[in-house]
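Data block below; observations after.
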Amino acid sequence: MKSPERSTSKTVYNHLKDEKSPYLIQHATNPVDWYPWGEEAFEKTRNEDKPVFLSIGYSTCHWCHVMAHESFENHEVAALLNNVFVAVKVDREERPDIDGIYMTACQIMTGTGGWPLTIIMTPDKKPFFAGTYFPRESGFGAIGLKDLILNVQDIWNDNRAEALNSGDQIFKALQDVSKTRKGEYLDEKVLEKTYDELSKVFDDDNGGFGDFQKFPTPHNLMFLLRYWKRTGNKHALYMVTKTLDSMAMGGIYDHLGFGFHRYSVDKYWLVPHFEKMLYDQALIALIYTETFQATGKAKYKKIAEEIFQYVIRDMKSPEGAFYSAEDADSEGVEGKFYVWTAKEINEILDDDEVEFVSVVYDVKDEGNFNDGYSQTSKNNILNMKHDINELKDILKLSRSEIEDKIDTVRDKLYKEREKRIHPHKDDKILTDWNGLIIASLSKASQVFNEKKYSDASKDAADFILNKLLSRDRLMHRYRDGDAGITGNLDDYSFMIWGLLELYNAIFDIKYLNAAIKLNDILLKYFWDVDEFGFYFTAADGEKVLIREKKIYDSATPSGNSVEMLNLIQIARLTENPELEAMAVDMETSFSENIKRVPIGYTYFLTAVDFKVGPSFEIVIVGKTGAPDTLNMLNNLNQHYIPNKVIIFKDTDNPGDVDKIAEFLKLKGNIDGMATAYVCAAGCCKIPTTDVDEMLKLLDVR
């Protein structure tokens, strides 16, 4: 972000100077007298009888940067804001509890939302005006920030009752939205309905859902993959593979440095919003991994491995955990780091390579997209119009020749791109997003039989457990040596998910015990004993305007969706039927909302799919590292069996595992050989040492 102009050479800071958030630090030298969210700001609003100007964003947000440059670095606008309001800045990634409340308010008031989120509210935190990005000056039928400030000043001074009444009405609406409406249990019918609704909005030509902007939304694909497993419905699998193929070929994928951008602004997956978010990498890599497991097609494994290459290379901290995001902008222009002119490519590659790249990556002299800045930019977003089989016919080369040449030109272009000014990296470490990447890396370690992924996952998990678990509480954010902000539902549920997958990858009982411990804390402080489900914030946490209970699966699955599946899995692992009963209670608490619009809750429905069954509890008893043990575990991981839990009992050291559940004490191996115990639907099968028999019991097709 540009440094604001100052009338003296000495840098002047506002109240954000000592914050840890990269986003808040970006605004610490604004002439706007920003305060962080906290009692100091709200005491000032009461003492000075001013409304609050709340601005919420994050450090890699393109339009947040635009509004900052246009308005918050402008002394005239800053003087107006400082005169009329107490200005408060919030990093939505640090405080998703605050962001969630006021984003819901914005959606109620305007029908839409996004960042930067602009909220004007009373000193008691009730919003009476909401919007997103505002230009500095009014024009083209849209109000500018300067006029908005003056209008609010008039309302606050001359018609305050209207503002206060509006705030009360929005507060009541927020209370109503946060209520759950109990219903019946969910069954296969809702799974069928969800499949039907996804089919109706599926884009047959381009993959993905809808006919405008395209978001990856991996949990939709996870649901469809499980629906295919349940029913054998080939179209469900086609929707998954078509979408993943289109994404991997599109401009939303970084073909040089790997990893996915946040979403595509068009239906073709061509022009991305160029941010790279850790949670996207985690969830997208997970669905590519599962799809490889389901189909056996190496191209899905390849994309997952490339995503992990990017994450481990560019997003891993020296301490072992993972940073949050990379910006869309560099040098003040969105996507500048990633796009190419044909002239630039001509100067880097040999003549035959230039021709090759123009075919493989759709590079044109006139550019291949309208960048929105200039009609004559001639920029290209690298993307693939043809798959390998089509390229073989066009280029008259073999698959191996094409792949080798792609590697060569990709390496040249990547090295040249590395010389450019890089986008800003948000280097804060978030517990919830690290939980997702731990889960994803651990799953890949299982499926690909690749230790480097479980090692990376273990490093991150150890960092979180050592640095962000304080007594009996998780912290949400770590940066610059400081662990802060009380953990929310997503922090616990996502970390539990990650730890369960890490246990399945390396069978170190430490991580299963850590998952169980975090689950106990979550139940103690977040569970709604009357209406069921989990609140987003702890019972003894900061009192915010509304204590939300989130269920909608948006860019990431909701904490409630993830935790329902966690509860079922831990219940099966520990022989604790009370936990499974709580999961069923959650189901009834949210079922009316889900039945109305089931495609908004697809990850929750993966938990329902697990509950409906068939699902399996598997105990493998054998010697750690023995060939027969490894063969049994590898066969389990090679096949797509999503609805299962596994416990491994080492015959040389069974003690710690036996403490997890009473039934494990009775499990031994047969004739000194690795032995599988398979249970399903309350019935345990005869144990077997034969891998084929084990797979038969698991209904592997």
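Since every read-out is calculated from the coordinates, none of them should be taken as a lab result. Model, not experiment: these values are computed from the prediction. Here the Cβ positions follow ideal geometry from the backbone for every residue, glycine too, while neighbour counts run over all protein chains shown.
The loop-placed chymotrypsin sites (Phe, Trp or Tyr not before Pro) in the stretch 195-250, going by DSSP, that have at most 11 neighbouring Cβ atoms within 10 Å of their Cβ come out as F212. For F209, the amide hydrogen comes within under 5 Å of the amide hydrogens of D203, F215, counting only partners 5 or more places away or on other chains and with H modelled in the peptide plane.
Take the Cβ atoms of D699 and E188, set R0 to 22 Å, and the FRET efficiency comes out at 0.85.
First check a/c for the chain, with a ≥ b ≥ c the square roots of the eigenvalues of its C-alpha gyration tensor; if it is under 1.5, answer rounded, and if not, answer prolate when a/b is larger than b/c or oblate otherwise. Cα axes put the chain in the oblate bin. Label-to-label distance, A142 versus Q107, with points set 7 angstrom from Cα along the beta-carbon direction: 2.2 nm.
Cross-linked pairs K44/K89; K595/K685; K20/K214; K428/K510: Cα-Cα separations exceed 24 Å for K595/K685; K20/K214; K428/K510.
Computed over the chain, the per-residue total of -39500 (n - 2.57) for DSSP H runs of n ≥ 4 gives a 222 nm mean residue ellipticity of -15500 deg cm²/dmol, rounded to 500. Taken one residue at a time, the phi angles of the stretch 438-443 give Karplus couplings (6.51, -1.76, 1.60, θ = phi - 60°) of 4, 4, 5, 4, 5, 4 Hz. Gly and Pro are set to x. Of the trypsin sites (Lys or Arg not before Pro) in the stretch 397-477, the ones in a loop by DSSP (not H, G, I, E or B) with at most 14 other beta carbons within 10 Å are K419, R420, R471.
Mind giving me the FRET efficiency for D628 and C683? R0 is 41 Å, r the Cβ-Cβ distance, nearest 0.05 is fine.
It comes to 0.95.
Going by a ≥ b ≥ c, the root eigenvalues of the Cα gyration tensor, does the stretch 22-177 fall in the rounded group (a/c under 1.5), the prolate group (a/b larger than b/c) or the oblate group? Here the stretch 22-177 falls in the rounded category.
Give the order of K611, K189 when sorted by the count of other beta carbons within 10 angstrom, beginning with the fewest.
Values: K611 20, K189 9.
Ascending Cβ contact count within 10 Å gives the list K189, K611.
The amide H of Y35, built 1.01 Å from its N in the peptide plane, has A87, V88, K89 as neighbours under 5 Å, considering only residues 5 or more places off or on other chains. With 0.36 nm allotted per residue and the present C-alpha distance subtracted, the D658-R471 stretch has 64.7 nm of extension available. Amide H to amide H distances under 5 Å link K644 with F616, where only residues 5 or more positions off or on other chains count and H is placed in the peptide plane. Segment S358..T408, full-extension length gain: 16.5 nm, with 0.36 nm per residue of separation and the alpha-carbon distance subtracted. The gain in end-to-end length when the N83 to D204 segment is fully stretched comes to 38.1 nm, 0.36 nm per residue minus the alpha carbon separation.
Considering only GluC sites (Glu not before Pro) in DSSP loops that have at most 11 other Cβ atoms within 10 Å, the longest stretch of the chain without any of them is 419-701. Working note: Karplus 6.51/-1.76/1.60 with θ = phi - 60° gives the stretch 588-595 the couplings 5, 5, 10, 5, 5, 4, 5, 5 Hz, where Gly and Pro are set to x. The aspartates and glutamates within cross-link reach of K301, meaning a Cα-to-Cα straight distance under 19 Å and a gap of 8 or more places when in the same chain, are D245, D254, D280, E290, D387, E403, D404, D407, E450, D455, E501. Label separation (L397 vs L164): 7.3 nm, computed from points 7 Å beyond Cα along the C-beta direction. How would the stretch 533-614 be classified by its alpha-carbon gyration tensor: rounded, prolate or oblate, with rounded meaning a/c under 1.5 and the a/b versus b/c comparison settling the rest? Since a/c reaches 1.5 but b/c is at least a/b, the shape of the stretch 533-614 is classed as oblate.
Please give the FRET efficiency for D455 paired with V12, using the beta carbon to beta carbon distance and R0 = 56 Å, rounded to the nearest 0.05.
With a Förster radius of 56 Å, E is 0.75.
Our coupling estimate for the stretch 340-347, obtained by passing each phi through the Karplus curve with A = 6.51, B = -1.76, C = 1.60 and θ = phi - 60°, is 9, 8, 4, 4, 4, 5, 4, 7 Hz, Gly and Pro reported as x.
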